[in-house]
1. Quick one: in the stretch 80-104, of everything that is of a type in the set (A, V, I, L, M) and either farther than 20 Å from Asn68 by Cα or touching a Leu at 6+ places or on another chain (Cβ under 8 Å) (or both), which residue is most open to solvent (accessible area, probe 1.4 Å)?
2. (1) surrounded by fewer than 17 Cβ atoms within 10 Å (Cβ to Cβ); (2) touching a helix residue (DSSP H, G or I) at 6+ places or on another chain (Cβ under 8 Å); (3) modelled with pLDDT of 90 or more: which one isn't true of Tyr69, the others all being true?
3. Do the conditions hold for Glu66, that is, is it farther than 18 Å from Gln95 by Cβ and among the acidic types (Asp, Glu)?
4. Quick check on Gly86: is it assigned to a loop (DSSP other than H, G, I, E, B) and under 13 Å from the mean Cα position of the chain (by Cα)?
5. For the stretch 21-79, which positions are of a type in the set (A, V, I, L, M) and either in contact with a strand residue (DSSP E or B) (Cβ under 6 Å, 6 or more places away or on another chain) or not in a loop (DSSP other than H, G, I, E, B) (or both)?
6. So, in the stretch 11-45, how many residues would count as being modelled with pLDDT of 90 or more, touching a helix residue (DSSP H, G or I) at 6+ places or on another chain (Cβ under 9 Å) and either closer than 13 Å to Glu63 by Cα or not aromatic (Phe, Trp, Tyr) (or both)?
Amino acid sequence: DYLDEKWDTYNDWLVFSIKKNKSKHKPLKFRKEPLIKGENLYAVGWSYSDTLGTQKVYEYKFEDTEGNYHNLLQVKGPKSLGGLSGAPIVDKKGQLVGLVTSGGADEKTNKVYLQATSNKNMRQFIENLN
């Protein structure tokens, strides 16, 4: 019940820092420009139904932002969204625009949407850790 009533204040993230990066992997950069309605965005990761093989890239279109969360319409994605929580949402330049928090089908249209917490919300959360 708590989550149903206060879902926009619930941040169940794991935040950590790395002192030295000895890998070839580089952290994603936060996008600074506002999102544009209809803009293509991509969720990178695996759903529970797509866990085998290489990492998947699922395509979405930006619809709007409500509070701290972006609503993304699925273009090419998994049948089941389970397992995508925490996956990065990136733009065509690979810049981070958010993290997947939830998703599902709209009851009226049956269109599938992802909700992603915004960069603004993530930054505020991280700044308040100190």
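The values are calculated or read from the model by the stated rules, or taken from the named source; none is laboratory data. Everything numeric here is computed off the predicted structure, so don't read it as measured data. Cβ placement follows ideal geometry from the backbone for every residue including glycine, while neighbour counts extend to all protein chains displayed. The area values use the complete protein model at the heavy-atom level, side chains included, leaving out ligands, DNA and RNA. Shrake-Rupley method; radii C 1.70, N 1.55, O 1.52, S 1.80 Å.
1. Among those residues, the one meeting the criterion is Leu81.
2. The single condition Tyr69 does not satisfy is (1).
3. So Glu66 passes the test.
4. On the way: assigned to a loop (DSSP other than H, G, I, E, B): yes; under 13 Å from the mean Cα position of the chain (by Cα): yes.
Criteria met by Gly86.
5. Correct list: Leu28, Leu35, Leu41, Ala43, Val44, Val57, Leu72, Leu73, Val75.
6. Selection size over the stretch 11-45: 2.
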